[in-house]
Amino acid sequence: MEQYLNARLIAEPLRLFDCVMACSGADAVIIGPTDRVQKGKAVQVLSGFEHHNHPPGEIIPLEGAWKLYKDRLWDLAGFGPMDMNFVNAYDDYPIMVAIQLEDLGFCAKGEVGRLLDEHSLAYNGSFPINTGGGQLSVGQAGMAGGLMLITEAVCQLRQEAGDRQVKNALRALASGYGMVGYGHGLSTSAAILAVN
Amino acid sequence: MTKEKPSNGHAYPKPKETSLNRTFLEAWHKEGKLLVQSCKNCNHVFFYPRPFCPKCFSIDIRWLPTNGHGKVLSFTLIHRPNHPAFFAEVPIVLAEIALDEGASLLSRVVGENRTQIRPNSTLTLVSGDMKKNYPLPTFKLVCQSYS
Ligand SMILES: [Zn+2]
């Protein structure tokens with residue numbers, strides 16, 4: 001923690017370990033009928049949404065389009081935020097995770113600090129976030145970066161995460177963000193996944 | 001075009017000129033003016049240069065000279081620039097600026113007192129010969145005691 005807090009400043013208030021590294025990589029998932037997969041290994045998409053260009057014309061947004069579809073996302077899935085066993089949120093910088101947690105309804109807007117204080121966020125904690133370490137740990141493989149949150153969720157839900165396995169991992173949320181240009185986050189997405 | 005040479009010998013990176021931004025770039029280089037665009041259909045004022053109004057999609061738009069004044073919406077102090085031309089000048093101050101005309105833009109703020117920047121600080125374009133140093137419109141803090 002000391003090393004993190006004392007790392008050199010890059011752009012205030014971001015320090016070295018707040019900034020995602022560029023790296024090379026690729027990821028893939030196989031999509032198919034669940035009855036072709038052995039029991040406990042099929043992961044279903046319960047609901048998923050995507051929305052572009054919100055808020056429009058806002059050069060300093062502290063929110064994304066998740067809030068526009070979060071109610072439909074949870075309703076369609078038949079679960080609420082507190083039913084999730086873990087969350088994988090897009091993390092180019094820590095603030096983006098905080099914004100996603102607020103806009104997806106894990107807490108009220110502006111209260112993410114309290115939420116994070118109340119929980120331990122490790123894979124074996126009370127509110128596991130980015131169980132594979134996220135992009136801030138492994139780097140962002142260009143446009144392949146976002147899908148890593150899905151592959152990690154699938155891995156956890158199939159109980160194949162080894163040393164970092166979340167106990168009783170039945171349901172998860174994975175969310176994405178991207179195409180940031182001139183203050184506009186063009187794309188947001190979120191999906192609720194559950195093991196079949 | 002003059003070659004901008006910061007103190008450590010590296011030239012500032014040049015903005016890529018296109019048919020869309022040429023008028024904007026030339027206004028800065030030749031006259032030291034900051035141009036934004038305004039829509040003749042809905043009066044929306046916007047920056048960066050675009051071929052149509054982002055609000056109503058009208059192509060009936062015009063260039064609008066600004067008075068060069070604005071207020072800080074947000075800012076950051078960059079300690080690790082991604083181009084060597086900026087290394088000797090850290091911290092580099094980047095601000096999101098609401099112009100008097102209504103558009104907002106991301107721009108650099110220079111000057112000895114630049115780290116005193118705060119949200120709502122008043123800014124104005126750098127003046128006179130200073131303009132030639134920078135490849136894009138660049139601002140300085142308006143000193144409160146002189147305003
Ligand atoms: Zn218009």
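Here are the numbers for the structure shown:
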quantity: Number of the exception - residue B:58 against (1) open to solvent by less than 50 Å² (accessible area, probe 1.4 Å); (2) more than 14 Å from chain A (Cβ to nearest Cβ); (3) touching a residue at least 24 places away in the same chain (Cβ under 8 Å); calculated: (3)
quantity: Candidate set from the range B:108-127 (those that are away from chain A (no Cβ under 11 Å) and hydroxyl-bearing (Ser, Thr, Tyr)); member that is farthest from residue B:73 (Cα to Cα); calculated: B:127
quantity: Scope the range B:32-55; condition closer than 30 Å to residue B:87 by Cβ and either open to solvent by 20 Å² or more (accessible area, probe 1.4 Å) or within 13 Å of another protein chain (Cβ to nearest Cβ) (or both); matching residues; calculated: B:33, B:47, B:48, B:49
quantity: Selection count, the range A:1-20, where residues are more than 18 Å from residue A:133 (Cα to Cα) and either within 13 Å of chain B (Cβ to nearest Cβ) or among the polar types (S, T, N, Q) (or both); calculated: 9
quantity: Near pairs, Cβ below 7 angstrom, 6+ apart or cross-chain, from the range A:85-98 (within 17 Å of residue A:148 (Cβ to Cβ) and in contact (Cβ under 8 Å) with a residue 12 or more places away in the chain) to any residue that is open to solvent by less than 10 Å² (accessible area, probe 1.4 Å) and part of a loop (DSSP other than H, G, I, E, B); calculated: A:86/A:128; A:86/A:166; A:86/A:169; A:97/A:91
quantity: Tabulated pairs, the range A:111-124, first surrounded by 14 or more Cβ atoms within 10 Å (Cβ to Cβ), second of a type in the set (D, E, K, R), C-beta under 6 angstrom, 6+ apart or interchain; calculated: A:112/A:102; A:123/A:164
quantity: Positions within the range A:6-53 being touching a His at 6+ places or on another chain (Cβ under 9 Å) and in a loop (DSSP other than H, G, I, E, B), in sequence order; calculated: A:8, A:12, A:53
quantity: Residue count, the range A:83-96 (criterion: of a type in the set (A, V, I, L, M, F, W, C), outside any loop (DSSP other than H, G, I, E, B) and modelled with pLDDT of 95 or more); calculated: 3
quantity: Options B:74, B:58, B:121; residue that is of a type in the set (S, T, N, Q), away from the ligand (no atom under 16 Å from the Cβ) and at pLDDT 95 or above; calculated: B:121
quantity: Residue in the range A:118-141 that is assigned to a helix (DSSP H, G or I), over 18 Å from residue A:93 (Cβ atoms) and at pLDDT 95 or above present; calculated: yes
quantity: Selection count, the range B:61-90, where residues are aliphatic (A, V, I, L, M), open to solvent by less than 20 Å² (accessible area, probe 1.4 Å) and within 12 Å of chain A (Cβ to nearest Cβ); calculated: 2
quantity: The range B:19-55, subset basic (Lys, Arg) and in contact with a strand residue (DSSP E or B) (Cβ under 9 Å, 6 or more places away or on another chain), residue nearest to the ligand (Cβ to nearest atom); calculated: B:55
quantity: Filter result (among the small types (Gly, Ala, Ser) and buried (at least 23 other Cβ atoms within 10 Å of the Cβ)) within the range A:69-91; calculated: A:89
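The values are calculated or read from the model by the stated rules, or taken from the named source; none is laboratory data. Quick caveat: nothing in here was measured; it's all calculated off a predicted structure. Ideal geometry is used to build each Cβ from the backbone, glycine not excepted, and the neighbour counts take in all protein chains shown. Please note that ligands, DNA and RNA were not included when accessible areas were found on the heavy atoms of the full protein model with its side chains. Shrake-Rupley method; radii C 1.70, N 1.55, O 1.52, S 1.80 Å.
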